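For reference, the structure is listed below as structure tokens.
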Amino acid sequence: MPEGWARAMKAAPGLHDSARGVMDGGMSTARRILILGGTGRLGGVLAREWQGRHEVMAPGRRLLDASQPAALARELRALEFDTLVNTAGLTSPDTCEERPDDAAALNAAAPAVLAAECARRRARLIHLSTDYVFDGGGGALLDEDAPARPVNVYGRTKLAGEKAVLAACPEALVARVSWLFGPRGGDVPATVLERARSGQPLDFIEDKWSAPTGIADLTAWLERFVTDLRPQSGVLHLCHTGVATWRDYAQVTLDLAHAAGLIERPCHTIGRRLREFSHFKAARPPFTVMSNARLSDVLGAPIPAWQEALERHLAGIARHRGDEWDAGGGRNAVTPISDPPCSKR
């Protein structure tokens, strides 16, 4: 296996019992898994957590570049795998607006190449997608059959990728996720704690809704679909239960961080409207809360609330206080905050 594949990092926090339960029974033997985006936030966790049970290849962009679809097709042919999990993509909505050609290559053309190769060799394919395929105009939970009408380049290219994957490889699973948080930082909880730590304003959008989702449980759900003797196909929403605005998400993070001893006195957020963020280059869909009812049916277990998953995540950070929780350089290295200059209501 080439040097640099299957990068090591800190272990993720513990799983919810329902996530642990999906690992029992109904599973095939170990798989030979190729993870695209394997050095990223989600892909890195998958590589680390699955390494002991499967043969995992998680090359970085230098070794396998999804931004060059033609070269990607040749490179894939040289690799031996029976399962491919695609976490790669251009995920910043504003960057996608500025670089639409790059967004189309990474989010649509590359997945089409992956799907064609998986269909050719009859390999299992899981392709990660997003709640941003929806326009956000409603107020009800969105199931897998809800119309997808994206409002920005990011959403349009991700939807094009979904369609390309399922057209080339109908047996593939398109897994839509939303608002991920986990041990490698780069997420809302890490941002909130850093702002509290450094005295930055704790103002967050209060009129945009989605469902925060913990990477620890998501990793277990995805492994179920990697190993299940009766693989899932089509579109499936993988998210925790519940609804939140960015402000809700931030406030619950602060409350749970205080309870876990990560901050020593309560902090309060300030609400702002989405329209105030005039620097956004891409439109943001306001309501993209996905239903996880089908996921619950498939797993045969209720899906925990996002608040519960977030509490477990922050408890894990508290247990590793002072450690470099983020393998990418210690972004989530945590020390208690004795007197954070928090914003008031």
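Using only alpha carbon pairs under 8 Å that are at least six residues apart, calculate the relative contact order of segment 85-219 and give it in whole percent.
Working: 173 pairs, mean separation 35.4, N = 135.
In percent, rounded to a whole number, it is 26.
Cα centroids of segment 153-206 and segment 45-80: how far apart, whole angstrom? Centre-to-centre (Cα) distance: 21 Å.
May I ask you to compute the full-extension gain from Ser233 to Ser296, defined as 0.36 nm times their residue separation minus their alpha-carbon distance, rounded to one decimal in nm? Walk me through the intermediate numbers first.
Numbers: separation 63, 0.36 × 63 = 22.68 nm, distance 1.54 nm.
Extra length from Ser233 to Ser296 when fully extended: 21.1 nm.
Do any trypsin sites (Lys or Arg not before Pro) in segment 38-147 lie in a loop, going by DSSP, with at most 14 other beta-carbon atoms within 10 Å of their beta carbon, and if so which?
Numbers: sites: Arg41, Arg48, Arg53, Arg61, Arg62, Arg74, Arg77, Arg120, Arg121, Arg122, Arg124; in loops: Arg53, Arg61, Arg62, Arg122.
Within segment 38-147, the qualifying trypsin sites (Lys or Arg not before Pro) (loop, at most 14 other Cβ atoms within 10 Å) are Arg62, Arg122.
You can think of it this way: the chain between Arg120 and Glu194 has 22.0 nm of extra reach, that is 0.36 nm per residue less the Cα-Cα gap.
With r as the distance between the Cβ atoms of Asp203 and Ala259 and R0 = 35 Å, compute the FRET efficiency 1/(1 + (r/R0)^6) and round to 0.05. Write down the numbers at each step before the final one.
Values: r = 22 Å, r/R0 = 0.64.
Efficiency, from the Cβ-Cβ distance: 0.95.
Would you tally the net charge around Thr29, using a Cβ to Cβ cut-off of less than 14 Å, leaving Thr29 out, and scoring K and R as +1, D and E as -1? Before the final figure, lay out the partial values.
Details: positive: Arg31, Arg32, Arg53, Arg124; negative: Glu55, Asp82, Glu223, Asp228.
With Lys, Arg at +1 and Asp, Glu at -1, the net is 0.
Neighbours of Ala282, meaning other residues whose beta-carbon lies under 10 angstrom from its beta-carbon, give a summed charge of -1 when Lys and Arg score +1 and Asp and Glu score -1.
Round to the nearest 0.05 the FRET efficiency obtained for Leu63 and Ala167 when R0 = 35 Å and r is the Cβ-Cβ distance. E(calc), rounded to 0.05, equals 0.80.
What FRET efficiency comes out for Ala140 versus Asp101 if R0 is 30 angstrom and r is the Cβ-Cβ distance? Round to the nearest 0.05. Spell out each step's value before the answer.
Working: r = 35 Å, r/R0 = 1.17.
It comes out at approximately 0.30.
Counting other Cβ atoms within 10 Å, keep those with at most 14, restrict to DSSP loop, and tell me which trypsin sites (Lys or Arg not before Pro) in segment 263-315 are left. Here the trypsin sites (Lys or Arg not before Pro) that fit, given the DSSP loop and packing criteria, are Arg273, Lys281.
Considering every alpha-carbon pair of segment 85-138, the percent of pairs per 5 Å bin, from zero through the bin containing the longest distance, is 4, 18, 24, 21, 16, 11, 5, 1, 0. The chymotrypsin sites (Phe, Trp or Tyr not before Pro) found in segment 228-324 that occupy coil by DSSP, while having at most 16 further C-beta atoms within 10 Å, are Phe277, Phe280.
FYI, it's all coordinate maths here, none of it is from the lab. As the structure is a computational prediction, the values presented were derived from the model and not from experiment. Reconstructed Cβ throughout: ideal geometry from the backbone, glycine too, with neighbour counts over all protein chains shown.
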